[in-house]
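The values are calculated or read from the model by the stated rules, or taken from the named source; none is laboratory data. Every value quoted in this text rests on a predicted model; they were computed, and no experiment measured them. So basically every Cβ, Gly included, is an ideal-geometry build from the backbone, and we count neighbours across all protein chains shown.
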Amino acid sequence: MTGYLTPLARALPSSVPFTGPETLERRQGRAFRARLGANESVFGPSPLAIAAMRAAAAEAWMYGDPENHDLKHALAAHHGVTPAHVVVGPGIDNLLNLICRLTLEPGVPVVTSLGAYPTFVFHVEGFGGALSRVPYRDDHEDPQALLNRARATGARLLYLANPDNPMGSHHPGAVIEEMVAALPAHTLLLLDEAYADLAPEGTLPRIAADHPQVIRLRTFSKGHGLAGARVGYALAAPELARAFDKVRDHFGMSRIGQAGALAALADRDWLASVKRRIEAARARVARIAGANGLRALPSATNFVAVDCGKDGDFARRVLEESLARGLFIRMPGVAPLDRCIRVSLGPDPVLDVFEEVLPQALAAATAPAG
Ligand SMILES: Cc1ncc(COP(=O)(O)O)c(C=O)c1O
């Protein structure tokens with residue numbers, strides 16, 4: 001039966017970028033007590049977005065507007081660009097897939113960081129791109145080394161998330177501006193700004209809207225708390241943005257997601273309040289980590305990487321013991337980042353579970369096997 005598949009599809013491993021918490025719950029036979037592993041916004045979406053989605057639910061018999069007209073115009077006004085600069089899609093994950101489809105053929109060189117967001121790697125591999133990965137430097141992605149590698153490999157795509165997942169670190173916008181100025185002519189920069197809404201002042205670079213070598217990626221999944229509604233967008237020069245129309249799923253956005261995102265974008269007060277609560281939660285996670293002899297890394301996102309102070313095997317044991325106690329968290333995949341566990345931020349009741357489970361998980365991870 002697999003004879004119908006392309007040689008590339010046949011050769012692909014049957015791996016997934018992330019195992020979902022629902023899968024883990026089914027395996028364990030019970031629900032997690034706290035869901036802090038997927039960098040969702042446990043604070044939830046704006047009440048106005050919920051009301052808009054509730055109203056749209058009754059109209060869900062209709063397809064969504066294939067042009068995403070209202071959302072595109074609202075996003076354009078928000079960013080001071082024209083609607084022709086905006087591409088709306090079902091999450092950054094889907095937009096990354098479309099970008100790979102538009103730009104890659106088997107063997108085309110692509111550069112990213114070793115341990116960076118795995119879904120990008122998943123899509124590059126799906127189109128046969130030749131990945132080259134640059135190590136992190138001091139828990140940050142390394143712009144200069146990424147540029148050097150892009151030059152050395154002739155990379156067509158260079159992917160960088162700022163702020164970064166999984167470490168939560170960030171570079172000031174000025175560093176990204178220098179990077180953009182130094183891009184080799186053959187390289188398109190994919191600047192994943194999933195956490196832009198939550199980043200400290202000065203993190204977002206100024207890049208000309210018509211820049212031919214940069215696609216910025218944004219999402220309603222993080223600060224706006226709409227991960228399950230699947231709404232993301234790209235900002236790009238109109239010529240590049242138009243290319244998405246050749247390959248995108250024109251009815252891929254649900255009416256409910258469109259309505260929710262439109263209302264969420266308008267509710268700046270909700271976003272500001274989420275940001276304040278995230279800052280308080282970051283401080284609490286750092287206190288909990290400190291009380292357990294661990295160090296929370298500085299974070300520009302809605303999650304915190306907590307350095308467990310030993311190697312990846314130890315952090316993996318802490319992770320497993322946390323999962324077994326009903327706390328869903330994740331961790332970076334490669335050394336030396338994998339000395340950390342990664343904890344999404346949320347309101348006090350879920351952080352209470354983290355506070356309760358962490359010392360137990362650490363004790364169990366430290367205890368001699370047997
Ligand atoms: C860096 C980064 N990009 C993209 C995404 C996914 O965004 P979306 O929900 O819009 O697909 C995430 C989610 O964790 C992320 O951390």
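How many of the residues making up segment 148-167 are more than 12 Å from Ser132 (Cα to Cα) and in contact with a helix residue (DSSP H, G or I) (Cβ under 9 Å, 6 or more places away or on another chain)?
Residues that pass the stated criteria total 6.
With the structure loaded, tell me whether Thr219 is over 15 Å from Lys275 (Cβ atoms) and under 16 Å from the mean Cα position of the chain (by Cα) or whether it fails that test.
Yes.
Output the residue which, of all residues in segment 3-58 that are of a type in the set (D, E, K, R), in a helix (DSSP H, G or I) and not assigned by TED's automatic domain parsing to the domain that holds Met167, is nearest to Gly225 (Cα to Cα).
Glu22
Could we say that Pro336 is of a type outside the set (Val, Ile, Thr) and out of contact with any Phe, Trp or Tyr (no Cβ under 9 Å at 6 or more places or on another chain) here?
No; evaluated as a whole, the condition is false for this residue.
Can you spot a residue in segment 221-241 that is in a helix (DSSP H, G or I), aliphatic (A, V, I, L, M) and either outside the structural domain of Ala77 (by TED's automatic domain parsing) or more than 16 Å from the ligand (Cβ to nearest atom) (or both)?
yes
Determine whether Pro184 is in contact (Cβ under 8 Å) with a residue 24 or more places away in the chain, in the same structural domain as Arg206 (by TED's automatic domain parsing) and in contact with a Phe, Trp or Tyr (Cβ under 6 Å, 6 or more places away or on another chain).
No; evaluated as a whole, the condition is false for this residue.
Restricting attention to segment 95-118, report how many residues are surrounded by 19 or more Cβ atoms within 10 Å (Cβ to Cβ) and under 18 Å from the mean Cα position of the chain (by Cα).
Here the count works out to 12.
Can you pull out the helices (runs of 4 or more DSSP H) entirely within segment 255-348 that have at least 3 residues that are of a type in the set (Lys, Arg) and more than 27 Å from Arg137 (Cβ to Cβ)?
268-291
Give the number of residues within segment 61-71 that are surrounded by 13 or more Cβ atoms within 10 Å (Cβ to Cβ), part of a loop (DSSP other than H, G, I, E, B) and among the aliphatic types (A, V, I, L, M).
Here the count works out to 0.
Could you identify the single residue in His123, His79 that is in contact with a strand residue (DSSP E or B) (Cβ under 7 Å, 6 or more places away or on another chain) and either farther than 30 Å from Glu355 by Cβ or within 16 Å of the ligand (Cβ to nearest atom) (or both)?
His79
Considering each residue of segment 157-208, count those that are within 11 Å of the ligand (Cβ to nearest atom) and small (Gly, Ala, Ser), and give that number.
Of the residues in that region, 4 qualify.
Any residue at all in segment 243-251 that's surrounded by 15 or more Cβ atoms within 10 Å (Cβ to Cβ), assigned by TED's automatic domain parsing to the domain that holds Asp93, part of a helix (DSSP H, G or I) and away from the ligand (no atom under 16 Å from the Cβ)?
Yes, segment 243-251 contains at least one residue that is surrounded by 15 or more Cβ atoms within 10 Å (Cβ to Cβ), assigned by TED's automatic domain parsing to the domain that holds Asp93, part of a helix (DSSP H, G or I) and away from the ligand (no atom under 16 Å from the Cβ).
Tell me whether segment 79-92 contains one or more residues that are part of a helix (DSSP H, G or I) and within 15 Å of Arg230 (Cα to Cα).
For segment 79-92, residues part of a helix (DSSP H, G or I) and within 15 Å of Arg230 (Cα to Cα): present.
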